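Scroll down for the structure; my scribbles are underneath it.
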Amino acid sequence: MQSGEVEDVEIRLLLEGVQRIYGYDFRDYADASIRRRLTHWLAESEFATFSQAQSRLLRDRGVFESLVRGITVNVTEMFRDPAFFRAVREQVVPFLKTYPFVKIWHAGCATGEEAYSMAILLNEEGMAGRYRMYATDINETVLQKASEGVMPIMEMQRFTRNYQKAGGRASFADYYTARYDRAILSATLKKDIVFAPHNLAVDGEFGEMNMVLCRNVMIYFKPALKERCLRLFDSSLLPGGFLCLGLKETLEKKKIGERYEELAPPLRIYRKRYG
Amino acid sequence: MARLFKAVVVGVSTGGVLALQKLLGQLPADFHLPILIVQHIGPDAGSGLAKLLDERCALRVKEADEQDEILPGTAYLAPPNYHLLVERGGFLSFSADPYVSFARPSVDVLFESAAEVFGPELIGVVLTGANFDGSRGLMTIKQKGGVAIVQDPEDAEARQMPQAAMAATDVDYVLALDGMAALLLKLASGRAAISHKGTGAR
């Protein structure tokens, strides 16, 4: 048996143990990425092998929490894929504006970069105070960071470029205050966002949403879990609502696909049909 | 010794557009191994390169898509801003994890995940590039018993990436781009002698 096969067995046992003891199910995560992340976590840990980690992991919640932090951190940036945010501004917001108030679910918001991007965009389009955004993630550590709204100042140059390419109407520097090596996002961006824990693998839907964003989260899932997420988003969305996925995620060959039309084809913005 | 392979992985950076045209252009449409490619590319590059290569090569070339099944006679390019990985069962997947070896897509990520799945049935190819991405991945391919091919640094538009790969692991073939398609055809049909130097721990 090759060492890779032993490790496969160890990983499978570890994920099963974690599911049985803590109820977090990572067995439906795509193998290649979770293996990379687990291997990285193991290298940073005090353990030499997954088998060695296993016994502590199942008894010590602190070790388990470090594992969850390690394998569920998604990274993103403000206005990632500027063309997507431009399309939201130009093609989605005009529909949203026809409602007195809209609800948005941002699933898998990680450290909040895209949630704050959306808040900037909506505020610039005159929707301040007319929306509530539920930004959720499985990882409570990143949620805490997201709700603080503090980012490394060295990222701001890249974010500013993205913002401009995305059709930003103001000066990006107006949205944060620089303090040493940190950029503190303006409180006006935070007041309409509610950060909350949510596990896409086990938790339920959010009712009556006008828009659901879940970008580059399902790429880490196996097909069955992707379908579960899409069902969840579909039952959360009102007719005429918008579903926004990552550039490498589509509704092609998906069960809910027939109820949606693609608004801006390469940018994965879908609209739920009426009736 | 005849030997069967399941896939070819290719990593390339500076000078990659021309190098890929040359390499893929010399392979027939019925080349029976799938080819997975990471070409370093900017985050907003779009999918123009796959279209261009597809037009100019007999082989089918496409940008990798969600859940693509890895098929023979097809070359899959990693999309901009995502790592490309191989899943057991022969499917492709993506990750938006941080840059690896200063790149996303990263050659190392593709090579390591492909080595995990294909083991000794994998051919890794490192072409021209002005960085060192791919050297760790090629080492992993060798450790799992696969075959390592590197473009002759003298022949490469940028020599660093081939040189780094050669420094990291004992590669099986070092040759100019011109002979590479013929070598891949020979390996694919089991007609090439494979040196087993530096096959590493299994």
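Bear in mind that the values in this text are calculations on the coordinates, not laboratory data. What you are looking at is a predicted structure, and each value in this text was computed from that prediction instead of being measured. FYI the Cβ positions are ideal-geometry reconstructions off the backbone, even for glycines, and counts take in every protein chain you see.
For segment B:101-177, applying the loop criterion from DSSP together with a ceiling of 14 other beta carbons within 10 Å to the chymotrypsin sites (Phe, Trp or Tyr not before Pro) yields B:102. The Cβ shell under 14 Å around residue B:177 holds other residues with a net charge of -3, Lys and Arg each +1, Asp and Glu each -1. Only alpha carbons enter this Debye calculation for the protein assembly as shown, each as an equal point scatterer, and the log10 of I(q)/I(0) it gives at q = 0.07, 0.09 Å⁻¹ is -0.39, -0.65. Are any of the pairs B:144/B:186; A:97/A:165; A:97/A:253 more than 27 Å apart by Cα-Cα distance, and if so, which? In this structure, A:97/A:253 exceed 27 Å between Cα atoms. Comparing A:180, A:99, A:24 in a Gaussian network model of chain A where C-alpha atoms under 10 Å apart are linked, the largest mean-square fluctuation is found at A:180.
Counting each pair of different Cα atoms once, what's the Kirkwood radius of segment A:82-272 in Å, rounded to one decimal? Let's see the in-between values first.
Working: mean 1/r = 0.0592 Å⁻¹.
Final number for the Kirkwood radius of segment A:82-272 is 16.9 Å.
Given the options A:42, A:143, A:251, state which has the largest fluctuation in a GNM of chain A using a 10 Å cut-off (strictly under) for Cα springs. Among A:42, A:143, A:251, the largest GNM mean-square fluctuation belongs to A:42.
Taken about its Cα centre, segment A:48-118 carries a charge dipole of about 200 debye when Lys and Arg each add +1 at the Cβ and Asp and Glu each add -1 at the Cβ. Among the residues of A:216-223, the average count of other protein chain beta-carbon atoms within 10 Å of the residue beta-carbon is 4. Each part reduced to its alpha carbon centroid, segment A:28-56 and segment B:42-108 end up 26 Å apart. Mean residue ellipticity at 222 nm, helices only, the protein assembly as shown: -10500 deg cm²/dmol; runs of at least 4 DSSP H residues each add -39,500 (n - 2.57), and the sum is divided by the number of residues.
By the rule of a C-alpha distance below 19 Å, with chain neighbours fewer than 8 residues away ignored, the lysines paired with residue A:254 are A:222, A:226, A:272. The distance linking segment A:123-171 with segment A:232-275 is 23 Å (Cα centroid to Cα centroid, whole angstrom). The calculated P(r) of chain B, using every Cα pair and 10 Å bins from 0, goes 10, 41, 41, 8, 0 in percent. Taking every residue in B:76-87 and counting other chain Cβ atoms within 10 Å of its Cβ, the average works out to 3. Think of the protein assembly as shown as a dipole: +1 on every Lys or Arg Cβ, -1 on every Asp or Glu Cβ, centred on the Cα centre; then among A:257, A:58, B:89, A:257 lies furthest on the positive end.
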